[in-house]
Amino acid sequence: MNVRIGISPDSWGVWSPDDPKQVPWRQFLDEAILAGYEGVELGPIGYLPTSPSILGPELKKRGLQVCATYVMGHLEKLSAWPDLERQVLGVGGLLAALGARFLVLIDGTYTDLCTGKSVAPEDLNESEWKRLIETTHKVADIAWDRFKLTVVFHPHVDTHVQYEDQVEALLEQTDASRIKLCVDTGHHAYRGGDPASFIARHQRRIPYIHLKSVDQQVKKEVEERKIPLAVAISMGVFCEPAQGIVNFPQLREVLRQINYDGWAIVEQDMYPAPPDKPLPIARRTRTYLREIGIG
């Protein structure tokens, strides 16, 4: 196998383009290198410079590659399409210019990621689900035709594609040649799935992985009290790989068996994060993955 390990600004508590609680973008890039990573995601568009002529040299002098970034929106809503299209067109050229190959697509959450308040229905009717599938294909076609980027759909907690049966339905109803999957080990385990066995079953659709784990005790409390994702994250529901419920040695064996060749991106959701907190966690995580034979 050939697993290349990258990291996301999310692991530094970066959730928006501009927030005084977040570390400066140069600090993120510097610390990603100090912690031992070879690639980065861009995070929310506008956090890192959006000009290839500025960002490209900054990456090159640090020896970092850009792996991907995400676009996010309510895929079932017709009214959300103009903004989603703008996101894809806005970021596609930057990703292509920097040599990235993937665009991560995430359905919009039905809870507010800052407050946890409900902002949309938890369930979709048949026509809304059909529109979600159609929108996913539309995004994939723009990304590939304009920028030669492969869309990897990211199942995500508090969205309409989060449980294994929902992910299975998405895979069954989307074109395998156009839509791939980004399995986030933390989000998958959060909703009761086994990411290692899922990756083994659907290996042909999975060229891209996010790595994180889940704190068992916090997860139990979240489920018992029906706590929304934003609050759960502030409680520390996502934790370091060595400390959570995801079986990373089992995942390593699956990656070996399928001869996985691609990026695995460390993404420990934190917000807010004190400026001195992320680097030690990123270092410990990189050391742990190296010690167990992932990357």
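The values are calculated or read from the model by the stated rules, or taken from the named source; none is laboratory data. Keep in mind the model is a prediction, meaning the values are calculated, not measured. Every residue, glycine as well, gets a Cβ built from its backbone with ideal geometry; the counts of neighbours run over all protein chains shown.
General observations
- Scanning the stretch 196-221 for residues that are crowded, with 16+ Cβ neighbours inside 10 Å, of a type in the set (Ser, Thr, Tyr) and under 26 Å from residue 176 (Cα atoms) returns a single hit, 208.
- Given (1) in contact (Cβ under 8 Å) with a residue 12 or more places away in the chain; (2) basic (Lys, Arg); (3) out of contact with any helix residue (DSSP H, G or I) (no Cβ under 6 Å at 6 or more places or on another chain), index of the condition residue 178 fails: (3)
- Candidate set from the stretch 1-46 (those that are within 18 Å of residue 90 (Cβ to Cβ) and touching a helix residue (DSSP H, G or I) at 6+ places or on another chain (Cβ under 6 Å)); member that is modelled with the lowest pLDDT: 45
- Single residue of the stretch 42-65 satisfying the filter (closer than 30 Å to residue 110 by Cβ and of a type in the set (A, V, I, L, M)) that is surrounded by the fewest Cβ atoms within 10 Å (Cβ to Cβ): 45
- Residues within the stretch 155-165 that are among the acidic types (Asp, Glu) and surrounded by 18 or more Cβ atoms within 10 Å (Cβ to Cβ), tallied: 1
- Considering the stretch 116-154, and only residues there that are more than 26 Å from residue 230 (Cα to Cα) and of a type in the set (Phe, Trp, Tyr), the residue that is surrounded by the fewest Cβ atoms within 10 Å (Cβ to Cβ) turns out to be 144.
- Qualifying helices (runs of 4 or more DSSP H) (wholly inside the stretch 198-268; at least 1 residues being in contact (Cβ under 8 Å) with a residue 24 or more places away in the chain and touching a His at 6+ places or on another chain (Cβ under 9 Å)): 229-234
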